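Undergrad: Please find one structure pasted underneath; my questions will follow.
The values are calculated or read from the model by the stated rules, or taken from the named source; none is laboratory data. Because the structure is a prediction, the values reported are computed rather than measured. Reconstructed Cβ throughout: ideal geometry from the backbone, glycine too, with neighbour counts over all protein chains shown. Heads up: the accessible areas ignore ligands, DNA and RNA and are worked out on the full protein's heavy atoms, side chains in. Shrake-Rupley method; radii C 1.70, N 1.55, O 1.52, S 1.80 Å.
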Amino acid sequence: MSAKVRHILGLSGGKDSAALAVYMRDKVPEMEYFFCDTHKELDETYDFINRLEARLGIHVQRLEAEKGFDHFLELYNGFLPSAQQRWCTIMMKLKPLEKFVGDDDAISYVAIRADEKRIGYVSTKPNIKPEFPFQKDGIVLADVHRILEESGIGLPEYYKWRSRSGCYFCFFQRKIEWIRLQENHPDLFEKAKAYEAAHSDGRKYTWNDGETLDQILARKDAIIADYEARQKKLRENKPNKTLLEVLQMETDNPSDDGEKPCFMCML
Ligand code: SF4
């Protein structure tokens, strides 16, 4: 007799994976929900995961790497992770997921929507097969908002100032999000800055290409003005979109750093 196939759904703390949990709850009652905790997430993310559990009556398994971010940073010789060297995703999200699944056959449900193209890390283990229910069923952004609204879950609190889940220091943040981090969580901004500080041998790393967080902060007014001008233009071009949809369009099509986040961390 063949072993039972496991059904797993990863929650990133973002809206799409949350909506997928709502969408799949009754379709796959044996679903195992998990959240890869880097211990560097925003408090709002932890609150959102707790809210999901309470509202949906599900248990979300917290997965974590055997060692923390600082350990891996040392292992990588102080090199901060970046879009090109995304060791954080591999060590702190992908490996804990693969350990969780082990050699079991599993279907991993991924919340990429029908209206977006996104690439990212998927497990290359042959026993973990991804499925994309939103793509298959034509679920788009407006549906995700409706699903979360109707379920009473709503959006994570950080959506008031940032449109992505993930670590507070995530290098995928756009400049405006760093500014908002400083405004909303000055303590976390300082911690992110501390990671950029010079190493004992004089080396320096930055979260953003060629610009320290202090330099970004010094350009605060210009960054906000630029962001607001882009928002205004988007709203003029898409008068039927809600403010949230406009924000999401900017996230999906970033214009100041050109990088899309990976779906292990931000869905
Ligand atoms: S959220 Fe960003 S910093 Fe955190 S693990 Fe993912 S890619 Fe790395």
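Undergrad: Please give the length that would be gained between K204 and D104 if that part of the chain were fully extended, namely 0.36 nm times their separation in residues minus their C-alpha to C-alpha distance (nm, one decimal).
TA: Difference between extended and current length: 31.7 nm.
Undergrad: Put E98, E64 in order of accessible area, largest first, 1.4 Å probe: what do you get?
TA: Correct descending sequence by accessible area is E64, E98.
Undergrad: Within a Cβ distance under 11 Å of L94, other residues only, what is the Lys/Arg minus Asp/Glu net charge?
TA: For residues surrounding L94, the net value is +4.
Undergrad: May I ask for the equivalent-ellipsoid semi-axes of the stretch 94-203, computed as the square root of five times each C-alpha gyration tensor eigenvalue and listed largest first in whole Å?
TA: Those come to 31, 24, 12 Å.
Undergrad: Helix-derived [θ] at 222 nm for the chain: sum -39500 (n - 2.57) over DSSP H runs of at least 4, divide by residue count, nearest 500?
TA: About -12000 deg cm²/dmol.
Undergrad: Mind checking the dipole of the chain: about its Cα centre, +1 per Lys or Arg Cβ, -1 per Asp or Glu Cβ, Debye to the nearest 20?
TA: Roughly 460 debye, rounded to the nearest 20.
Undergrad: A further question follows. Sort K193, K160, K67 by accessible area with a 1.4 Å probe, largest first.
TA: The most accessible residue leads, giving K160, K67, K193.
Undergrad: Who wins for biggest fluctuation among R113, R162, R25 in a Gaussian network model of the chain, springs between alpha carbons below 10 Å?
TA: Maximum among the listed residues: R25.
Undergrad: Put +1 on the Cβ of every Lys and Arg and -1 on every Asp and Glu Cβ in the stretch 6-159; which of F35, Y76, M24 then has its Cα farthest towards the positive end of the dipole?
TA: Y76
Undergrad: So if we plug the beta-carbon distance of Q135 and R51 into 1/(1 + (r/R0)^6) with R0 = 25 Å, what FRET efficiency do we get, rounded to 0.05?
TA: 0.45
Undergrad: Where does the charge balance sit around D105 when Lys and Arg score +1, Asp and Glu -1, over other residues with C-beta under 11 Å from its C-beta?
TA: Around D105, the surrounding residues sum to +2.
Undergrad: Taking the Cα centre of the stretch 6-159 as origin, sum charge times position over the Cβ atoms of Lys and Arg (+1) and Asp and Glu (-1), and report the length of that vector in debye to the nearest 20.
TA: In debye, rounded to 20, the stretch 6-159 gives about 400.
Undergrad: Which number comes out as Rg/Rh for the stretch 6-159 once both Rg and the Kirkwood Rh are worked out on C-alpha atoms?
TA: 0.96
Undergrad: Hey, another quick one. Return the carbon/sulfur percentage of the accessible area of the chain, one whole number, probe 1.4 Å, all protein chains in place.
TA: 51
Undergrad: Moving on to the next point. What ranking do 70-76, 29-35 get when scored by the average of other Cβ atoms within 10 Å per residue, highest first?
TA: Result, highest mean first: 29-35, 70-76.
Undergrad: Then there's this: Solvent-accessible area of Y168, probe 1.4 Å, all protein chains present, reported in Å² to the nearest ten, please.
TA: 10
Undergrad: Of all DSSP beta bridges located in the chain, what percent are antiparallel, nearest 5?
TA: So the antiparallel bridges amount to about 10 percent of the total.
Undergrad: Starting from the Cα-Cα distance between K160 and R219, subtract it from 0.36 nm times their residue separation and give me the gain in nm to one decimal.
TA: Residue separation times 0.36 nm, minus the Cα-Cα distance, leaves 19.1 nm.
Undergrad: From zero outward in steps of 5 Å, how is the percent of C-alpha pairs of the chain spread across the bins?
TA: All Cα pairs, binned at 5 Å, distribute as 1, 5, 12, 16, 19, 17, 13, 9, 5, 2, 1, 0, 0 percent.
Undergrad: With a sphere of radius 15 Å drawn around the Cβ of E64, what net charge do the other residues whose Cβ falls strictly inside it have (Lys, Arg +1; Asp, Glu -1)?
TA: Result for the local shell: +1.
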